[in-house]
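The values are calculated or read from the model by the stated rules, or taken from the named source; none is laboratory data. Quick caveat: nothing in here was measured; it's all calculated off a predicted structure. Methodologically, a virtual Cβ is constructed for each residue, glycine included, from the backbone with ideal geometry; neighbour enumeration extends over all protein chains shown. All accessible areas refer to the heavy atoms of the entire protein, side chains included, with ligands and DNA or RNA removed. Shrake-Rupley method; radii C 1.70, N 1.55, O 1.52, S 1.80 Å.
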Amino acid sequence: MEPLHWPFEERRLPAFPHQGDTWEIRLPADVDALVHEFANTARATPFAVLMAAYAVLIGEVCRTDTPVIGGGLRNRRLPGIDRTVGMFVNQCAFSYEDWRSRTFAELAQSTTSRLAAAMDHQEVPFPLVTQHLTLSRDRSRNPVFQTCISMNDWPDTQLDYGPGMTVDVSFPSNGGAKFDLDIIVLPEPGGTRMLWRYSTPLFTAADAEDLVSRYLALVTDLVAAPHALLGARTEQVAS
């Protein structure tokens, strides 16, 4: 399992610093509409479309044939714990080893199916998975995957605690980072927000901004030509 190598890999510290920052965007209305329209026609979910596009982005930027993307799942399907205060989250790993030989439509459909399968097996502890893999210790990276994308589909962005007391739900940066790059997708009534939480000093703010801009352009290109082989697109990008 090959680790990711970013274009600015020389900045990586010997030990992962757990320091980070956040670049927040809201998907442009036209891009958001394209994602939902494509998802409806491709038998995929909007989040799976965004995740599949992110896998292509990582494959292209890091020049890897086998990008592995992490995803957090909320483990609250057992009766009685849905309203329990606390964190019930488990990590899953999604390998995209065959992404170049597929079309984006196929990749989005496959991602949808694999997300559903992951939900069916979300109780398997991620530390148990890492124990069964032959991985060399590397203090500068997280094991299995170095980048993650998850969706926080909070049902209401405003909490009502009674007469005259309401609280808006926000996701501020705490100055930390768990991965090289961690994307949180927030579907909201006004559109889709994305939090790009990146590790510093591996990424600079300019790096994060450039990556976000490239991602937005990539999503538009992919949904416009969903039946073209992704490997052919990668060759054009490289040339």
For this session: Whenever you get a sec, compute what percent of the accessible area on the stretch 1-142 sits on carbon and sulfur atoms (1.4 Å probe).
Result: 54 percent
Exercise. Label point 7 Å out from residue 65 along Cα-to-Cβ: which residues of the stretch 1-15 have amide N under 15 Å?
Worked result: 1-3
Exercise. Modelled label-to-label distance, residue 19 and residue 165, 7 Å Cα→beta-carbon offset: nm?
Worked result: 3.9 nm
Exercise. Accessible area per residue, 1.4 Å probe, Å², for the chain: what's the number?
Worked result: 54 Å²
For this session: Please get the size of the charge dipole for the chain, origin at its Cα centre, with Cβ charges of +1 on Lys and Arg and -1 on Asp and Glu, quoted in debye to the nearest 20.
Result: 560 debye
Problem set entry | Per-residue ³J(HN,Hα) for the stretch 63-71, Karplus 6.51 cos²θ - 1.76 cosθ + 1.60, θ = phi - 60°, Hz, x for Gly and Pro | 6, 10, 7, 9, x, 10, 10, x, x
Exercise. Residues with beta-carbon under 14 Å from that of residue 31, excluding residue 31: net charge, scoring Lys, Arg +1 and Asp, Glu -1?
Worked result: -1
Exercise. What does the helix-only formula give at 222 nm for the chain: each DSSP H stretch with n ≥ 4 adding -39500 (n - 2.57), the total divided by the residues, and the result rounded to the nearest 500 deg cm²/dmol?
Worked result: -11000 deg cm²/dmol
